[in-house]
Amino acid sequence: MRVVLAEDLFLLRDGLVRMLEAYDFEIAAAVETGPELTRAFAELEPDVAVVDVRLPPSHTDEGLQCALAARRARPGLPVLVLSQHVEQLYARELLADGNGGIGYLLKDRVFDADQFIDAVRRVAAGGTAMDPQVISQLLTRRSQDKPMGGLTPREREVMELMAQGRSNAAIASQMVITERAVAKHTSNIFGKLGLPPSDDDNRRVLAVLAYLDRGQG
Amino acid sequence: MDAKMGRVRSALLAAGRGLVLSVVALAGSITLFVLTVLSIAFIPLGIGLVTTPQVLEAVRKHANQRRLMAITWSNVRIPVPYRPFPKDVRSGFTGQVERTTLMLKDPATWRDIQWLLVDMTAGYAVAVLASALMLYPVEGIVLAAGLWRVYTDDRYWYAFVPVDSQGTALLAAALGVVLFTAGVFLSNPLLRAHFMIARSVLAPTHERELAQRIERLTETRHEAVDTAASELRRIERDLHDGAQARLVAMGMNLGTVEALIEKDPEQAKKLLAMARESSAEALTELRDLVRGIHPPVLAERGLGDAVKALALRLPIPCEVDVELTGRAGAPVESAAYFAVSEALTNAVKHAGAERIWVDLHHGEGALRFSVTDNGKGGATVGAGSGLSGIERRLGTFDGIMAVSSPAGGPTMVTMEIPCELS
């Protein structure tokens, strides 16, 4: 799998390259600035990109903007965004187009290599990987609001894991229940959120989106 | 037609106000002038020491009342030049003496006294003229209507018209109409002229204005330096007790791991897990610290989005309305962000609100923003409240804050910082 990596700190870039290569990814390019990243997106057609939010030359949210622009040019282009901090505002922007293949994680998540690589693979496969911090912020807010009050505590738990981007199997093992029980919970959740049956992966993205949107109310 | 009526109405209003002013100017100013002169003259006898502060206080009230009229009636702004009393003025007789000397040393006091003289002469004349131009014509009309007959024995003068027949009476009426017309156009400017005269004497001199500005700058600079220093102390303490300590512990753990890795791999593994946890915690602490110094979204996106991101983190639904065409200077953005943040924290913690609205826009050379909640109200600005912290923060940038919070709510905190967008 071909990866484009954008990170301006040499130590982190180097570490990420080594980690990804250890897990049999092919590094198509490892760049350090926004313009370089834009060029890499256009020329290399990677299977997945791992991008830092803040990149030179502006040192603002250049990485995020490049990723959003690349996804506008090629809808569904898998991008995993890494950041020193996570904000719902950015999560919403990344998810806004309703296409899968998006991830938004704290940089700390690379501490757990297995989980991090799992997230990269999930994103590359068209799924989502949302940082638990974004989701937990949402849940504390949600719990006081009515529309989500319809979820049982168990469903809420499933929702939280699903919003992070876990598969049914992963949710089942984490919650120590059967996969069938998880499937039942998820279909209940989709029903309560008013999401019509469709491709399951995409519905998961939509569920997170619905969550984020109701956070506004 | 409506425009004409409006004009006449406003002229009549000005005439009425002129009448009020002429009474206040004559009666008020003469009384106060006499009292002031007497009071100061009696200072050597001791009586003056007791009365002078009161009399001068009354003079200031009288002048401030005129300042208020000037801004509300004619939109003439007369700044207040008085020196503030130092905080440690004693009470009792010594305090009285101290106050007397302080007031007499203030050049503004002597300008007040000058103004009393001007007010009872020129100020009075102009005010009377403003009302007379509208009132005197009434007499002309009444004369023409038949009153002239009462004065047939004796020649009666209406202005420069000798009234002794219906013909001359009509002439008087015609003059009255001319005067009235003049009044319609002149009474408002005359009223304004009255306040301009007052301003020329009452307003602080250029020197005094500069001195006031320096006083204000010194004060805000002290506050800014204090705030910055305590902020640095907080950051140092947080780093020292938090991230730094965790990194030390991590280093120690790693050292132990090095020693144990062959002897006791199980234990080494446990220590490694601990080290990883410490590093994650250190990162979280650093992140919070950074957010407290300069929030990342503010650095990346500017004020509008930073406030939006802030609103998303609140436990209460919060609507944010942003209308900014550019970015303000970084220090201003930062001050505004933390002011909004503080106001939001107050609303969440104390107001018991269910909804919050934030409005953010730039206009007339100032960044204006407000935080409104539908909570229980009763917020006050005072020592120790978070709101006075905001006031200090804004003061450094010549910004201001106003709080409207009646008991029962809603609470609205409005803030303004003069600045340009780029």
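Restricting attention to the stretch B:275-295, the residues that are under 46 Å from the mean Cα position of the chain (by Cα) and of a type outside the set (A, V, I, L, M, F, W, C) total 9.
Being within 23 Å of residue A:53 (Cβ to Cβ) and surrounded by fewer than 19 Cβ atoms within 10 Å (Cβ to Cβ) is a condition met by at least one residue of the stretch B:311-318. When you check residue B:285 against the structure, is it in contact with a Lys or Arg (Cβ under 9 Å, 6 or more places away or on another chain), charged (D, E, K, R), within 13 Å of chain A (Cβ to nearest Cβ) and farther than 28 Å from residue A:52 by Cα, yes or no? Spelling it out, it is not the case that residue B:285 is in contact with a Lys or Arg (Cβ under 9 Å, 6 or more places away or on another chain), charged (D, E, K, R), within 13 Å of chain A (Cβ to nearest Cβ) and farther than 28 Å from residue A:52 by Cα. Residue pairs whose Cβ atoms lie under 6 Å apart, sitting 6 or more positions apart in sequence or on different chains, and linking a residue in the stretch B:163-184 that is outside any helix (DSSP H, G or I) to a partner that is surrounded by fewer than 18 Cβ atoms within 10 Å (Cβ to Cβ), are B:164/B:155. Close Cβ contacts (under 6 Å, 6 or more residues apart or on different chains) running from residues in the stretch A:112-131 that are among the polar types (S, T, N, Q) to residues that are part of a helix (DSSP H, G or I) comprise A:128/A:205. Within the stretch B:282-304, being touching a helix residue (DSSP H, G or I) at 6+ places or on another chain (Cβ under 6 Å) and among the charged types (D, E, K, R) holds for one residue alone: B:285.
Residues that are more than 26 Å from the chain's Cα centre (by Cα) and surrounded by 14 or more Cβ atoms within 10 Å (Cβ to Cβ) are absent from the stretch B:72-89 altogether. Here residue A:92 clears all of (1) more than 11 Å from chain B (Cβ to nearest Cβ); (2) over 21 Å from residue A:7 (Cα atoms); (3) of a type in the set (Lys, Arg) except the condition numbered (1).
Scanning the stretch B:136-181 for residues that are among the aromatic types (Phe, Trp, Tyr), crowded, with 18+ Cβ neighbours inside 10 Å and closer than 25 Å to residue B:14 by Cβ yields B:158, B:180. Residues that are at pLDDT below 75 and either away from chain B (no Cβ under 14 Å) or surrounded by fewer than 17 Cβ atoms within 10 Å (Cβ to Cβ) (or both) number at least 1 in the following helices (runs of 4 or more DSSP H) confined to the stretch A:104-217: A:132-142, A:200-216. Cβ-Cβ distances below 6 Å connect the following pairs, each with a first residue in the stretch B:79-95 that is in the same structural domain as residue B:68 (by TED's automatic domain parsing) and in contact (Cβ under 8 Å) with a residue 40 or more places away in the chain, a second residue that is surrounded by 10 or more Cβ atoms within 10 Å (Cβ to Cβ) and in a helix (DSSP H, G or I), and a separation of six or more residues or different chains: B:81/B:108; B:81/B:208. Filter the stretch A:102-122 down to the residues that are more than 25 Å from residue A:59 (Cα to Cα) and either in contact with a Gly (Cβ under 9 Å, 6 or more places away or on another chain) or aromatic (Phe, Trp, Tyr) (or both) and list them by number. Result: A:119, A:121, A:122. Name the one entry in B:100, B:109 that is modelled with pLDDT under 85, surrounded by 13 or more Cβ atoms within 10 Å (Cβ to Cβ) and β-branched (Val, Ile, Thr). One residue alone meets the criteria, B:100.
Taking every residue in the stretch A:13-30 that is on the phi < 0 side of the Ramachandran plot and pairing it with any residue that is among the small types (Gly, Ala, Ser) and assigned to a strand (DSSP E or B), at least 6 positions away or on another chain, the pairs with Cβ-Cβ distances below 6 Å are A:13/A:30; A:17/A:30.
The values are calculated or read from the model by the stated rules, or taken from the named source; none is laboratory data. Keep in mind that this is a model prediction, so the values were computed, not measured. Quick reminder, even Gly has a Cβ in these numbers, built from the backbone with ideal geometry, and neighbours come from all protein chains shown.
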